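Bear in mind these aren't lab numbers, they're just calculated from the coordinates by the rules spelled out. Remember, it's a predicted structure, so these values are computed and weren't measured experimentally. When we count neighbours, we look across all protein chains shown, and the Cβ atoms used for this are built from the backbone with ideal geometry, even at glycine.
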Amino acid sequence: MRVPRLVKVAAIQNAIVLPTTAPIKEQRDAIHKRVGELLDVAGRAGANVVCLQEAWHMPFAFCTRERLPWTEMAEAIDGPTTKFLIPYAQKYNMVIVNPILERDEAKDEVIWNTAVIISNTGRIIGRSRKNHIPRVGDFNESTYYMESTLGHPVFETAFGRIGVNICYGRHHPQNWMMYALNGAEIIFNPSATIGGLSEPLWGIEARNAAIANHVFTVGINRVGTEVFPNEFTSANGKPAHKDFGHFFGSSYVAAPDGSRTPSLSRTSDGVLVTEVDLNLNRQVKDHWGFRMTQRLDMYAKSITAAADPEYRPHIIKEN
């Protein structure tokens, strides 16, 4: 009996524009220009909430483990990239999820992997940070930033409550769960992941999270192959190389009833605009009742016990 709660959600994926040897500011400004064109497409399509890919304003340079020059791309949450996006939020009356490499200028200039939430009014609502840092292959992100200490904030917007589960956090079901428990109706997963590592998991994880948590989820992955000036290796016995691998795009939206959109291209920039009815969250919740049956009290005790370094698995052996 509720009136429809229709929201147009947009996911934007893009490749870098200039080679990684170009001056840092020129690289960033070229990406801004390209993504501005894609935001115009989303805005003309009537998008209400738009999410960009992880660290969209720069190459995914974390694979190199070179602090310089890449840390020059770190910005304050109200820095050049947010300032660039604010007019688009105001012009098109849309919320923008802006994942950047953040430099916390108020706290010893520490660097974080952050998503800035820009209201449809153009004001900054707040920020969320990456909870889980990968330690696999060339994902050398711990060279640059630490895990978030902000927990799982959810943001009340004019178009529903949103959470941002950044990249590697999608591999942790409890991460999705906590955003949902905090009231998220849409959980975005801005990512940067390559074909040789996670592509078999990509279409599963966000979709499963939508089902398990009675929410809409949006997986956004960058696209293209980024080549760096200097060779790098993860000391895994493989030859040194200058590229990280192919970012396979394939951004999509998943619904709590298990349905999902087709994916965007595996090789090209793209804008995916999907109209969803947030009422579906409640309808599926009433049907399946996973929240009613998830036994948080039991798992809270078990997880607390398992976090103790002295914990031993509860295994019963034959006498």
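Compare GLU75, GLU185, GLU66 in a GNM of the chain, Cα atoms joined below 10 Å, and give the one with the largest fluctuation.
Result: GLU66 has the largest fluctuation of those listed.
From the C-alpha coordinates alone, can you work out the Kirkwood hydrodynamic radius of the stretch 216-319, in Å?
19.0 Å
How large is log10 of I(q)/I(0) for the stretch 1-86 at q = 0.11, 0.13 Å⁻¹ when the intensity is taken from the Debye formula with one equal scatterer per alpha-carbon?
Log-scaled intensity ratios, in q order: -0.37, -0.49.
Per-residue counts of other Cβ atoms within 10 Å, averaged by peptide: what ranking do you get for 15-26, 48-59, 245-256, 78-89, highest first?
Going from most to least packed, we get 48-59, 245-256, 78-89, 15-26.
Given N residues in the chain, what is its alpha carbon radius of gyration divided by 2.2 N^0.38 Å?
1.01
Over the Cα atoms of the stretch 90-164, Rg to Rh with Kirkwood Rh, two decimal places?
That ratio equals 1.03.
Please sort through the DSSP H helices of the chain and keep those with an alpha-carbon extent of at least 27 Å along the long axis and a Kyte-Doolittle average not below 0.0.
The answer, listed by residue number, is 195-213.
For the pair THR304 and GLU156, what calculated FRET efficiency results from E = 1/(1 + (r/R0)^6), where r is the Cβ-Cβ distance and R0 = 41 Å, to the nearest 0.05? Before the final figure, lay out each step's value.
Values: r = 30 Å, r/R0 = 0.73.
In this case the efficiency is close to 0.85.
With no solvent and one point per C-alpha, what does the Debye sum give as log10 I(q)/I(0) for the stretch 148-221 at q = 0.18 Å⁻¹?
Treating every Cα as an identical point scatterer, log10 I(q)/I(0) equals -0.63.
In whole Å, what three semi-axes, largest first, describe the equivalent ellipsoid of the stretch 1-158 built from its Cα gyration tensor (square root of 5 times each eigenvalue)?
Semi-axes, largest first: 27, 19, 14 Å.
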